[in-house]
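A.B. asks: Okay, here's the structure, questions in a sec.
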Amino acid sequence: MKEYIITIDGGTTNTRCILWGSGQRRIDEERRAVGVRNTSIDGSNSKLKQAVRECIEQLLERNGVAYDQIHRIIGSGMITSDVGLVVVPWITAPAGVKELAANIAEISLPDICPIPICFIPGIKNGEGPFDFDNIEAMDIMRGEEVESVAILDRFPPGKPMLFILPGSHNKFVSVDREGKITGCLTSISGELLASITNDTIIAKSVNREFVSQENYDREWVLKGYEIASRAGLGRACFTARILMLFYDNDPKKLANYILGATIAGDMQAVRNSTALKVDKDTLAVVGGKEPLRTAVADVLKYDGYFREVETFCPEGDIPLSARGAYIVARETGIL
């Protein structure tokens, strides 16, 4: 009897596979520190293919499962891109669970596994043509669409929402009253934070350390946000050195200050970008890991643009991407 499902979530630096039993029951997980970044560096996706193959085989062997017991293998994320396993075209917003399900691509990759893999497409904001007058309205996602589906499962349609998914690339996903994704906005503020923390003159001020959940300091986050909003990120960051020399040299506080400063540009983008469809009545829902989740939520509340701000913490140890992929596959009737 084919009673098992495997979901594959491929990102920039990591690949994760989860084995599911009946009734959306998570059984086991296997991951590798290999992602599409390796493809970009090597010019070949052979390492990525090997990582996915090893993850699947390890899951099956460890749990005494054979391929003929696998009902479906479902893939999502950057593995559907030109630096992934296969290229699956984006679908165009607005799009929800039904549209994602209708555009799943079932592709055989025998050098990975003997079962076809069902790939969930990403979503793009528009079709074009584009030029400098409208290019800022364009954005793309691969992986965040299934994360958004998982969050939507907890926040039923009925009001417009903005999902904030902090990470190395902060992603903002707007959703309409019908539960369809209407667009997204991406920033590299997470990468900027990493660069400022490790590779600038500010590294000494923050002791090359990021904010931990235990050392989170709302006051200093908001001070960084305030100064960056007023004077810009570059000036706000150098002010961290001034603070160290003339006010308070606690690297933990200064790391919080820098965190707030890097968030400021994203708040400006959300208010002014043409990539999103949001207004003051949009419910802002902040996901991601701590302390980024709390920091972004605190800044949003302090900023005051959105009347409602909530945080989203996933239940249990099932990743949003895997849960969302399962929901999309279930919509197709293949589960």
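A.B. asks: Could you check the stretch 105-141 and list, in sequence order, the residues that are under 14 Å from residue 8 (Cα atoms), touching a residue at least 60 places away in the same chain (Cβ under 8 Å) and in contact with a Phe, Trp or Tyr (Cβ under 8 Å, 6 or more places away or on another chain)?
C.D. replies: Hit for the stretch 105-141 is 113, nothing else.
A.B. asks: If you don't mind, another one. Could you check how many residues of the stretch 218-237 are among the acidic types (Asp, Glu) and within 24 Å of the chain's Cα centre (by Cα)?
C.D. replies: 0
A.B. asks: Of the conditions (1) modelled with pLDDT under 95; (2) assigned to a strand (DSSP E or B), residue 155 satisfies every one except a single condition; which number is it?
C.D. replies: It fails just one condition, (2).
A.B. asks: Would you mind stating whether residue 249 is touching a Lys or Arg at 6+ places or on another chain (Cβ under 9 Å), at pLDDT 95 or above and not aliphatic (A, V, I, L, M)?
C.D. replies: no
A.B. asks: While we're on this one: Mind listing whichever residues of the stretch 90-149 are polar (S, T, N, Q) and within 24 Å of residue 331 (Cα to Cα)?
C.D. replies: Scanning the stretch 90-149 gives 92, 103, 108, 125, 148.
A.B. asks: Taking residue 329 and the conditions (1) closer than 21 Å to residue 197 by Cα; (2) touching a residue at least 40 places away in the same chain (Cβ under 8 Å); (3) touching a helix residue (DSSP H, G or I) at 6+ places or on another chain (Cβ under 8 Å), which numbered condition does it fall short on, given that it satisfies the others?
C.D. replies: (1)
A.B. asks: Then there's this: Do we have residue 173 as farther than 29 Å from residue 286 by Cβ, free of Cβ contacts under 8 Å to residues at least 60 places away in the same chain and under 21 Å from the mean Cα position of the chain (by Cα) here?
C.D. replies: Taking the combined requirement at face value, the residue does not satisfy it.
A.B. asks: For the condition modelled with pLDDT of 95 or more and not assigned by TED's automatic domain parsing to the domain that holds residue 55, what is the one hit in 215, 170?
C.D. replies: Only one candidate qualifies: 215.
A.B. asks: While we're here: Out of the residues in the stretch 50-107 meeting the condition of being acidic (Asp, Glu) and at pLDDT 95 or above, tell me which one is surrounded by the most Cβ atoms within 10 Å (Cβ to Cβ).
C.D. replies: Looking at residues that are acidic (Asp, Glu) and at pLDDT 95 or above, I get 99.
A.B. asks: Looking only at residues that are in contact (Cβ under 8 Å) with a residue 12 or more places away in the chain and exposed (fewer than 15 other Cβ atoms within 10 Å of the Cβ) in the stretch 189-203, which one is farthest from residue 291 (Cα to Cα)?
C.D. replies: Top of the filtered list is 201.
A.B. asks: Out of 138, 78, report the one residue that is within 16 Å of the chain's Cα centre (by Cα) and in the same structural domain as residue 37 (by TED's automatic domain parsing).
C.D. replies: The unique qualifying residue is 78.
A.B. asks: Please pick out the residue among 249, 256, 272 that is surrounded by 18 or more Cβ atoms within 10 Å (Cβ to Cβ), outside the structural domain of residue 141 (by TED's automatic domain parsing) and without any contact (Cβ under 8 Å) to a residue 60 or more places away in the chain.
C.D. replies: Residue meeting the stated conditions: 256.
A.B. asks: Then there is this: Would you be able to tell me the number of residues in the stretch 1-33 that are in a loop (DSSP other than H, G, I, E, B), farther than 19 Å from residue 115 by Cβ and in contact (Cβ under 8 Å) with a residue 12 or more places away in the chain?
C.D. replies: 6
The values are calculated or read from the model by the stated rules, or taken from the named source; none is laboratory data. Values in this document were obtained by computation on a predicted structure and should not be read as measured data. Here Cβ is always computed from backbone atoms with ideal geometry, including for glycine, and neighbour counts include all displayed protein chains.
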